[in-house]
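The values are calculated or read from the model by the stated rules, or taken from the named source; none is laboratory data. Owing to the predicted nature of the structure, the values given are computational and were not obtained by experimental measurement. Ideal geometry is used to build each Cβ from the backbone, glycine not excepted, and the neighbour counts take in all protein chains shown. For accessibility, only protein heavy atoms count, side chains too; no ligands or nucleic acids. Shrake-Rupley method; radii C 1.70, N 1.55, O 1.52, S 1.80 Å.
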Amino acid sequence: VWNGQPQRVEWLLPTWDSLQTLQMAALDMEDGCLQLEEKRGPGSSCLCASCNASIVNADGSLTSGPWLDEYTQRLEIGIVGYNPNYGLTSLVTVNFFFPRGGHIYKVIHVQSAWVNDFGGDIFEVGLMIICDLIWVSALTYVMVAEVREMVSVVQSSKDKWYEAIMRDYMAFWNTVDWVAIICAYAVLGTYIRLALETAASNSAISGFAEMDSNSTRVESEAQSAEIFEKVEAMVLAEADFRFTLMFYPMVVMLRLFKSFDAQPRLAVVTKTLMTASQDILHFFVIFLSVYFCLALNGVLLFGQDVQMFATIDRAIIQCFRTLMGEWDWDQLKSVGRMMAGLWIWMFVIVVNVLLLNMLLAILMDAYGVVKSKASGMISLPGQISELIRRRRQFTMGERVRLNDIWDAFFELVGDEKEMVSSTMYITKQDVIRQVEGIPPTQAKRTMANARKKLEAAEEIPYTPYDFQDQIALCNSRSLIVRAEVQGLKAAVEEIRRHCYSGPGPQKNGSREATMQAIDTVSQNVSQMGSQIQEVLREESHGYEERQNELCHWQKDMVNMASDSKLTMQKMKKNLQEITQQVQSHAAKAEAKRNGKG
């Protein structure tokens, strides 16, 4: 084969020659016109067509000789077959490669294609045709929807059309949609090409079968050459169709992830990868550096003795197999047990144990953050129920679609980018005035949901360090309360000593001083009680809002916070009892003075 075309072609046609003649022709194709008399007797002619034709070499010179000579680098034997049981046309090629080293390599390649894709049971064929039509219709619908969205973005933007598409439309998921559309139409195009090539191949084979018995050998060889050409084009088209179809499930998988992104619980996987994307990027810089260094080390160590490490590309593949726990120790130890064992130990410890576990830690850390945020989101059954409720209310005229609200405000602003980036405050009355037919309850609910999502988006993430700060603040306030309680206790003891200091004449103004002290204590106790209640209310509210955002390793801190809450409640209760005791002592002292008076 030279420049992609066969340089010497021989046809062995059983319909024209006997088996013995074909054997003698194959022998002449090997040694040419040598020893003709010894092979077939005096007056024999050479059956090899290459000996009688001049062959154009790569340098332009002409040579004649047998079909197989010492300059041959590749030899190909082709056979076309048809299997009527399965309806397959096959092209079988046996290739022999003659390298300079002397070893002959053999490669057998079988390529097949269906003669009729719509053969079989009528129900199966009918179902297949219906599914194909549905697929093509859905594909066309998706393409039309994407084109409409693109036109809408261009019309709603004040920038040039290509700038609007690149800035406002070509997001990641829109790119995935267009890749899916292009891949699907490529599958459709390669299938149409396969159908045309199959029809041409079937026509050539039918023409050969219907050849007139009076046709010449030259016509038979020309018809055979056409069959080989058409069958080869058909199997190549079938290979291209399968190759194109191979990418389509991958693109469909990405589109499924786009659909999952609309549901918070299902979007955990994609959001985990997005959250950890920066860490994963930096991790793979290190991982690939180590991986390629170890692969190169394997080439230098095993390359001369182990075939799977002979080249760098083979070593990269074998290192990945080693990463998955698959290696051939009997071949690796051929360079020495110590060196092979050292390489295996280094690869397993560095790559498998250290780097892969670091990657797992990065993903689990991001998964914990995403999972904590998604735990309070609506579930898939709840979202389905919400969609059904909205659809029922829309059909009954009790609500308008969210797209109608968007379109109404878009008409007011006129530019999508300006509308999204606007900081203007909107009230329920503004929504009712702008959106035609919207009920007040839906306007109020829509504004409340929008405000909730805005606050959630602007909320600063609550980290374990923030929790530690809250615990420290609670501890400092507890110390303040403790100091004030001790001061209150000292004041109560002073009042008690003053009230029960023994009989004797009371000084002028002692009653007023006692009542003033009691009022002061009561005010301090009431103030402290309100402060403690406010502290408890704030801390409890903070704990209740953030308890869903904490991970399992924070449970001990939460228990400590709960103990602090109980302790402060007990302190509040004790303060109330002390207040009651002070008031009781004051009442008794007042009654005692009145009795003496």
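Data overview
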read-out: Test for Arg193: is it farther than 28 Å from Leu380 by Cβ and charged (D, E, K, R); value: yes
read-out: Test result for Val252, under 30 Å from Val115 (Cβ atoms) and of a type in the set (A, V, I, L, M, F, W, C); value: yes
read-out: Thr93 vs. criteria in a loop (DSSP other than H, G, I, E, B), surrounded by 12 or more Cβ atoms within 10 Å (Cβ to Cβ) and either of a type in the set (Val, Ile, Thr) or touching a residue at least 12 places away in the same chain (Cβ under 8 Å) (or both); value: no
read-out: Qualifying residue in segment 360-372 (condition: more than 21 Å from Thr270 (Cβ to Cβ), open to solvent by 70 Å² or more (accessible area, probe 1.4 Å) and either of a type in the set (Ser, Thr, Tyr) or part of a helix (DSSP H, G or I) (or both)); value: no
read-out: Residue pairs meeting the criteria (Cβ under 7 Å; at least 6 apart or on separate chains; first closer than 16 Å to Asn297 by Cβ, in segment 328-343; second in a helix (DSSP H, G or I) and open to solvent by 60 Å² or more (accessible area, probe 1.4 Å)); value: Ala340/Lys333
read-out: Meets criteria (modelled with pLDDT of 70 or more, polar (S, T, N, Q) and either open to solvent by 50 Å² or more (accessible area, probe 1.4 Å) or in contact with a helix residue (DSSP H, G or I) (Cβ under 6 Å, 6 or more places away or on another chain) (or both)) for Ser50; value: no
read-out: Which listed residue is among the acidic types (Asp, Glu) and at pLDDT 80 or above, from Glu37, Glu76; value: Glu76
read-out: Residue match in segment 411-433 (condition: under 37 Å from the mean Cα position of the chain (by Cα), surrounded by 10 or more Cβ atoms within 10 Å (Cβ to Cβ) and over 26 Å from Ser157 (Cα atoms)); value: no
read-out: Residue in segment 152-171 that is least open to solvent (accessible area, probe 1.4 Å), counting only those that are in a loop (DSSP other than H, G, I, E, B) and at pLDDT 80 or above; value: Ala171
read-out: Breaking point among (1) without any contact (Cβ under 8 Å) to a residue 40 or more places away in the chain; (2) over 30 Å from Thr270 (Cβ atoms), for Thr140; value: (2)
read-out: Breaking point among (1) without any contact (Cβ under 8 Å) to a residue 60 or more places away in the chain; (2) over 30 Å from Ser385 (Cα atoms); (3) open to solvent by 40 Å² or more (accessible area, probe 1.4 Å), for Phe247; value: (1)
read-out: Inter-residue pairs, beta-carbon under 7 Å, first farther than 27 Å from Ala225 by Cα and among the small types (Gly, Ala, Ser) and in segment 179-205, second in a helix (DSSP H, G or I) and open to solvent by less than 40 Å² (accessible area, probe 1.4 Å), 6+ apart; value: Ala180/Val251; Ala184/Leu139; Ala186/Thr244
read-out: Candidate set: segment 96-134, residues that are touching a helix residue (DSSP H, G or I) at 6+ places or on another chain (Cβ under 8 Å) and of a type in the set (Phe, Trp, Tyr); chosen: the one most open to solvent (accessible area, probe 1.4 Å); value: Trp114
read-out: Lone qualifier among Arg337, Arg391 - being out of contact with any Cys (no Cβ under 6 Å at 6 or more places or on another chain), loosely packed, with under 12 Cβ neighbours inside 10 Å, among the basic types (Lys, Arg) and farther than 29 Å from Val285 by Cβ; value: Arg337
read-out: Unmet requirement for Arg511, which otherwise passes all of (1) open to solvent by 40 Å² or more (accessible area, probe 1.4 Å); (2) in contact with a Lys or Arg (Cβ under 8 Å, 6 or more places away or on another chain); (3) at pLDDT 65 or above; value: (3)
read-out: The one condition in (1) free of Cβ contacts under 8 Å to residues at least 60 places away in the same chain; (2) in contact with a Phe, Trp or Tyr (Cβ under 7 Å, 6 or more places away or on another chain) that Leu266 fails to fulfil; value: (1)
read-out: Elements of type helices (runs of 4 or more DSSP H) contained in segment 404-488, each with 3 or more residues being aliphatic (A, V, I, L, M) and modelled with pLDDT of 80 or more; value: 440-458
read-out: Segment 135-151, subset of a type in the set (Ser, Thr, Tyr) and open to solvent by 70 Å² or more (accessible area, probe 1.4 Å), residue nearest to Met419 (Cα to Cα); value: Tyr141
read-out: Residues that are farther than 19 Å from Ile192 by Cα and part of a loop (DSSP other than H, G, I, E, B), drawn from segment 96-132; value: Phe98, Pro99, Arg100, Gly101, Gly102, His103, Ile104, Gly120, Asp121
read-out: Extreme residue, modelled with the lowest pLDDT, among residues of segment 172-183 that are open to solvent by less than 70 Å² (accessible area, probe 1.4 Å) and of a type in the set (Phe, Trp, Tyr); value: Trp173
read-out: Number of positions in segment 394-410 that are open to solvent by 70 Å² or more (accessible area, probe 1.4 Å), closer than 19 Å to Lys444 by Cα, more than 33 Å from the chain's Cα centre (by Cα) and not hydrophobic (A, V, I, L, M, F, W, C); value: 1
read-out: Failed criterion for Ile280 (all others in (1) under 30 Å from Glu458 (Cα atoms); (2) surrounded by 12 or more Cβ atoms within 10 Å (Cβ to Cβ); (3) free of Cβ contacts under 8 Å to residues at least 24 places away in the same chain hold); value: (3)
